[in-house]
Amino acid sequence: MKLARLLGAAVAAYFIVSASFLPHFAAADKATGDTYQLDGLDPYDSPVKPTLSLSRIELTIDEARANPVQTIELTVKGAKNKYAPTALHINYDERLTLVTEDDFLAERGKAIDKLEDIQYPAGPHCFGLVTAGSGDLGRDGVMWSFSFTLPDDIKAGDEFPINIEYKRPGLTNDLFTNISNDKNGRLMEAWVFTHGIQHGFIRIKENVTTSSAVTSTTAASTTTTTTATTTTTTSKSKTTTTTTTTTTTTAPPTTTTTTSRITTVSTSTTAVRSTAVSTEVTNSPPPVTTTEAKPVYMLGDPTNNGIIDAVDASYVLGAYARFSTGEGYPDAKCLATCDVNGDGLVDAVDASKILAYYAYISAKENITFEKFLFLRK
């Protein structure tokens, strides 16, 4: 909470509270929106239990009118170097207007400056924010910041909620996991969406005015005595009262733009194996015949779980990091799943296309990856 300037040395104990970011004193809650499917997981088993918090801002009416654009920060705590693939939806009050610049809905924070990202509108009063990386390079701190314009007819008592909403539209679902998307990653994600969310708001309150009275009194009494005459001179006390009124307005937070970049970091990968299936024909006298099923790969799904999302984009970036530093080369399976644009390379271009597809089917319609790539040619 920001404190206003002191009214003066004589009344240093008096102060007023100006536009303020409230501390996250409330207990964490679950995400709004769809119900998170635990599928047998117990979130309390998660080795790490991060919290995602949105700013909570209180403004007086005068402050809000003087500064109608307010910036909200999305902060993560307790997940340093534990995450890379994330997919979050922000839902905000319909009376607010989202501030955009060159089609960008939000600014990246330092917590994700080593990750790749994509952002997209996701319906009325909602937008999506997605990250991926070559390793679990996400840190604690500000992940995203975004600004809203308050309506003109604000009044004391107005509150504008801003929530983290969980969405599971069909082929995709929101994420907060590690690059391997292993059990620990899924437990962390389960904790975040069911116990680790602190929603935000912008709240309008009455104007605050504080007055302090300072009284100074001067009295002088002089008595002169002689044997013959007594003369007494008295000056009357004079009281002066000064009333000081101070109103302090805090300017909106400053947004800093961070340029995204790809960090090539060698990381361990999750091995995905396909098991050959054998069929033996034992009827005698014909000889034994063995047939081997060919592995079936899905373009854009190197993790082989039937879903194309930010986890797959992170896998591609991790492979790109290894190959670019001379640690191996793409095999047939890697090319079949990761070489999205068919140029014989596995790189950030392929990861970006996977992220773009994930954003498209999350916000618009469920189409195949191949159809999406065809429409984007």
Seminar exercise, completed: Checked against (1) in contact with a helix residue (DSSP H, G or I) (Cβ under 6 Å, 6 or more places away or on another chain); (2) open to solvent by 50 Å² or more (accessible area, probe 1.4 Å), Asp182 satisfies every condition except (1)
Seminar exercise, completed: Residue count, region 69-96, condition surrounded by fewer than 16 Cβ atoms within 10 Å (Cβ to Cβ) and closer than 17 Å to Leu150 by Cβ, comes to 3
Problem set entry | Any hit, region 124-132, residues being under 23 Å from Phe201 (Cα atoms), touching a residue at least 12 places away in the same chain (Cβ under 8 Å), open to solvent by 30 Å² or more (accessible area, probe 1.4 Å) and out of contact with any strand residue (DSSP E or B) (no Cβ under 9 Å at 6 or more places or on another chain) | yes
Problem set entry | Every pair of residues 6+ apart whose Cβ atoms lie under 7 Å, when the first sits in region 347-369 and is charged (D, E, K, R) while the second is not in a helix (DSSP H, G or I) | Asp350/Asp339; Asp350/Val340; Asp350/Asn341; Lys353/Val340; Lys353/Asn341
Seminar exercise, completed: Condition set farther than 18 Å from Ile179 by Cβ and not hydrophobic (A, V, I, L, M, F, W, C), scope region 354-370, selection most open to solvent (accessible area, probe 1.4 Å): answer is Lys364
Exercise. Taking region 305-320 as the region of interest, how many residues are surrounded by fewer than 24 Cβ atoms within 10 Å (Cβ to Cβ) and under 12 Å from Glu116 (Cβ atoms)?
Worked result: 1
Exercise. Mind checking which pairs have a first residue in region 33-58 that is at positive phi and a second that is of a type outside the set (S, T, N, Q) and buried (at least 17 other Cβ atoms within 10 Å of the Cβ), Cβ under 8 Å, 6 or more apart or different chains?
Worked result: Gly33/His89; Gly33/Glu165; Gly33/Tyr166; Gly33/Lys167
Problem set entry | Count of region 325-344 residues which are within 19 Å of Leu355 (Cβ to Cβ), of a type outside the set (Val, Ile, Thr) and surrounded by 16 or more Cβ atoms within 10 Å (Cβ to Cβ) | 3
Problem set entry | Sole residue being in a helix (DSSP H, G or I) and either among the β-branched types (Val, Ile, Thr) or in contact with an Asp or Glu (Cβ under 7 Å, 6 or more places away or on another chain) (or both), chosen from Ala351, Ala336, Ala356 | Ala351
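The values are calculated or read from the model by the stated rules, or taken from the named source; none is laboratory data. Just so it is clear, the structure is predicted and the values come from calculations on it, not from any experiment. Ideal geometry is used to build each Cβ from the backbone, glycine not excepted, and the neighbour counts take in all protein chains shown. These accessible areas exclude ligands, DNA and RNA; they are computed on the full protein's heavy atoms, side chains included. Shrake-Rupley method; radii C 1.70, N 1.55, O 1.52, S 1.80 Å.
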